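The values are calculated or read from the model by the stated rules, or taken from the named source; none is laboratory data. It should be emphasised that the depicted structure is a prediction, and the values quoted were computed from it without experimental measurement. So basically every Cβ, Gly included, is an ideal-geometry build from the backbone, and we count neighbours across all protein chains shown. For accessibility, only protein heavy atoms count, side chains too; no ligands or nucleic acids. Shrake-Rupley method; radii C 1.70, N 1.55, O 1.52, S 1.80 Å.
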Amino acid sequence: SPRGRFAPVDLSELCQTLCDVYDPATAENGQMLICALPDAPVRPVMGDRTLLGQVLANLIENAMHHTPQGTRITVALSEAETHIDLSVTDNGPGIPEDLTSNLFDPFVTSKPNGTGLGLALVAKLVGDHGGVVECESRPGRTEFRVMLPFYEDTDPGELK
(Lines give C-alpha, C1' and ligand atoms only; values in the text may rest on other atoms or scores of the structure.)
Protein backbone atom coordinates (compact mmCIF):
# COMPACT_ATOMS: atom_id res chain seq x y z
CA SER A 1 0.00 0.00 0.00
CA PRO A 2 1.30 3.51 -0.73
CA ARG A 3 0.73 4.49 2.91
CA GLY A 4 3.51 2.16 3.95
CA ARG A 5 5.97 4.55 2.31
CA PHE A 6 4.60 7.66 4.02
CA ALA A 7 7.09 9.75 5.98
CA PRO A 8 7.35 13.42 6.93
CA VAL A 9 7.87 15.53 3.78
CA ASP A 10 9.26 19.07 3.64
CA LEU A 11 7.12 20.65 0.91
CA SER A 12 9.32 23.74 0.81
CA GLU A 13 12.34 21.66 -0.21
CA LEU A 14 10.20 19.66 -2.67
CA CYS A 15 8.83 22.83 -4.31
CA GLN A 16 12.31 24.31 -4.64
CA THR A 17 13.63 21.10 -6.18
CA LEU A 18 10.84 20.96 -8.77
CA CYS A 19 11.14 24.67 -9.56
CA ASP A 20 14.86 24.09 -10.22
CA VAL A 21 13.98 21.13 -12.47
CA TYR A 22 11.32 23.01 -14.49
CA ASP A 23 13.04 26.39 -14.64
CA PRO A 24 14.98 25.66 -17.89
CA ALA A 25 11.88 24.25 -19.65
CA THR A 26 9.68 27.21 -18.71
CA ALA A 27 12.44 29.62 -19.79
CA GLU A 28 12.66 27.79 -23.12
CA ASN A 29 8.86 28.23 -23.45
CA GLY A 30 9.24 31.96 -22.85
CA GLN A 31 7.47 31.58 -19.49
CA MET A 32 8.67 32.70 -16.08
CA LEU A 33 8.56 30.19 -13.21
CA ILE A 34 8.38 31.88 -9.83
CA CYS A 35 8.95 29.92 -6.64
CA ALA A 36 7.26 31.84 -3.81
CA LEU A 37 8.23 29.99 -0.64
CA PRO A 38 8.10 31.16 2.98
CA ASP A 39 11.44 32.19 4.51
CA ALA A 40 10.70 30.25 7.69
CA PRO A 41 10.68 26.43 7.65
CA VAL A 42 7.22 24.97 7.05
CA ARG A 43 5.71 22.16 9.09
CA PRO A 44 6.03 18.79 7.33
CA VAL A 45 3.17 16.82 5.83
CA MET A 46 2.88 13.04 6.00
CA GLY A 47 3.29 11.51 2.60
CA ASP A 48 5.25 9.88 -0.15
CA ARG A 49 7.75 12.45 -1.47
CA THR A 50 7.82 10.91 -4.95
CA LEU A 51 4.03 10.96 -5.30
CA LEU A 52 3.75 14.52 -3.97
CA GLY A 53 6.47 15.49 -6.45
CA GLN A 54 4.34 13.92 -9.20
CA VAL A 55 1.37 16.07 -8.11
CA LEU A 56 3.44 19.25 -8.34
CA ALA A 57 5.09 18.19 -11.62
CA ASN A 58 1.67 17.54 -13.20
CA LEU A 59 0.37 20.95 -12.09
CA ILE A 60 3.46 22.79 -13.39
CA GLU A 61 3.36 20.90 -16.71
CA ASN A 62 -0.35 21.63 -17.01
CA ALA A 63 0.28 25.35 -16.57
CA MET A 64 3.13 25.21 -19.10
CA HIS A 65 0.96 23.49 -21.73
CA HIS A 66 -2.01 25.80 -21.37
CA THR A 67 -0.39 29.21 -21.13
CA PRO A 68 1.34 31.25 -23.83
CA GLN A 69 4.79 32.82 -23.93
CA GLY A 70 5.23 35.69 -21.50
CA THR A 71 3.14 33.91 -18.86
CA ARG A 72 4.11 33.77 -15.19
CA ILE A 73 3.66 30.44 -13.41
CA THR A 74 3.93 30.74 -9.64
CA VAL A 75 4.48 27.86 -7.22
CA ALA A 76 3.61 29.01 -3.71
CA LEU A 77 3.34 27.52 -0.24
CA SER A 78 1.59 28.88 2.82
CA GLU A 79 0.59 27.47 6.18
CA ALA A 80 -2.99 27.52 7.40
CA GLU A 81 -4.09 26.37 10.85
CA THR A 82 -4.58 22.68 10.09
CA HIS A 83 -2.95 22.25 6.69
CA ILE A 84 -0.49 23.56 4.19
CA ASP A 85 -1.60 25.21 0.95
CA LEU A 86 0.43 24.44 -2.13
CA SER A 87 -0.65 26.40 -5.17
CA VAL A 88 0.30 26.63 -8.82
CA THR A 89 -1.06 29.81 -10.40
CA ASP A 90 -0.70 31.14 -13.91
CA ASN A 91 -1.80 34.32 -15.65
CA GLY A 92 -2.79 32.56 -18.89
CA PRO A 93 -6.14 32.55 -20.69
CA GLY A 94 -8.04 30.57 -18.04
CA ILE A 95 -9.94 27.29 -18.33
CA PRO A 96 -13.14 27.21 -20.41
CA GLU A 97 -16.13 27.19 -18.07
CA ASP A 98 -17.56 23.98 -19.57
CA LEU A 99 -14.43 22.15 -18.41
CA THR A 100 -14.06 23.46 -14.86
CA SER A 101 -16.90 21.45 -13.30
CA ASN A 102 -15.38 18.07 -14.22
CA LEU A 103 -11.73 19.04 -14.47
CA PHE A 104 -10.56 16.25 -12.14
CA ASP A 105 -12.56 13.50 -13.88
CA PRO A 106 -10.56 11.03 -15.98
CA PHE A 107 -10.40 11.70 -19.74
CA VAL A 108 -11.48 15.35 -19.53
CA THR A 109 -8.97 17.38 -21.56
CA SER A 110 -8.68 20.39 -23.81
CA LYS A 111 -5.28 19.30 -25.14
CA PRO A 112 -5.33 18.00 -28.74
CA ASN A 113 -3.40 14.83 -27.82
CA GLY A 114 -4.04 14.83 -24.08
CA THR A 115 -5.30 11.75 -22.28
CA GLY A 116 -7.08 13.77 -19.62
CA LEU A 117 -5.43 11.70 -16.90
CA GLY A 118 -3.01 14.26 -15.40
CA LEU A 119 -5.50 16.11 -13.20
CA ALA A 120 -7.41 12.91 -12.36
CA LEU A 121 -4.11 11.49 -11.11
CA VAL A 122 -3.43 14.69 -9.13
CA ALA A 123 -6.86 14.42 -7.46
CA LYS A 124 -6.33 10.74 -6.63
CA LEU A 125 -2.82 11.23 -5.19
CA VAL A 126 -3.90 14.26 -3.13
CA GLY A 127 -6.89 12.26 -1.85
CA ASP A 128 -4.59 9.37 -0.92
CA HIS A 129 -2.69 11.89 1.24
CA GLY A 130 -5.87 12.99 3.04
CA GLY A 131 -5.87 16.26 1.12
CA VAL A 132 -8.10 18.22 -1.22
CA VAL A 133 -7.38 19.90 -4.56
CA GLU A 134 -9.39 22.78 -6.01
CA CYS A 135 -9.21 24.94 -9.08
CA GLU A 136 -10.30 28.52 -9.54
CA SER A 137 -10.08 29.94 -13.02
CA ARG A 138 -11.01 33.08 -14.88
CA PRO A 139 -9.40 34.76 -17.89
CA GLY A 140 -5.95 35.95 -16.79
CA ARG A 141 -5.70 33.74 -13.71
CA THR A 142 -5.91 30.02 -13.00
CA GLU A 143 -5.02 28.67 -9.58
CA PHE A 144 -4.75 25.04 -8.58
CA ARG A 145 -4.65 24.72 -4.81
CA VAL A 146 -3.65 21.56 -2.97
CA MET A 147 -4.44 21.45 0.76
CA LEU A 148 -2.56 18.78 2.70
CA PRO A 149 -2.90 18.07 6.42
CA PHE A 150 0.14 18.65 8.60
CA TYR A 151 2.12 15.65 9.75
CA GLU A 152 1.25 16.24 13.42
CA ASP A 153 -2.47 16.31 12.67
CA THR A 154 -2.47 13.16 10.61
CA ASP A 155 -2.65 9.65 11.92
CA PRO A 156 -1.22 7.72 8.96
CA GLY A 157 -3.68 4.91 9.67
CA GLU A 158 -6.61 7.31 9.37
CA LEU A 159 -5.89 8.78 5.94
CA LYS A 160 -8.81 8.51 3.52
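Figures for the structure shown
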{"read-out": "Within a Gaussian network of the chain (alpha carbon springs, distance under 10 Å), most fluctuating of Ser12, Ser87, Ser78", "value": "Ser78"}
{"read-out": "Fraction of accessible area attributable to carbon and sulfur, the range 1-108 (%, probe 1.4 Å)", "value": "52 percent"}
{"read-out": "For Asp48, residues with placed amide H under 5 Å, excluding near neighbours", "value": "Ala7"}
{"read-out": "Cysteines without a disulfide-compatible neighbour (Cβ-Cβ under 4.7 Å), the chain", "value": "Cys15, Cys135"}
{"read-out": "Accessible-area value, Thr82, 1.4 Å probe, nucleic acids and ligands omitted, Å²", "value": "80 Å²"}
{"read-out": "Solvent-accessible area per residue for the chain (1.4 angstrom probe, square angstrom)", "value": "52 Å²"}
{"read-out": "Net lengthening on full extension, Ala25/Glu143 (0.36 nm per residue, minus Cα-Cα)", "value": "40.5 nm"}
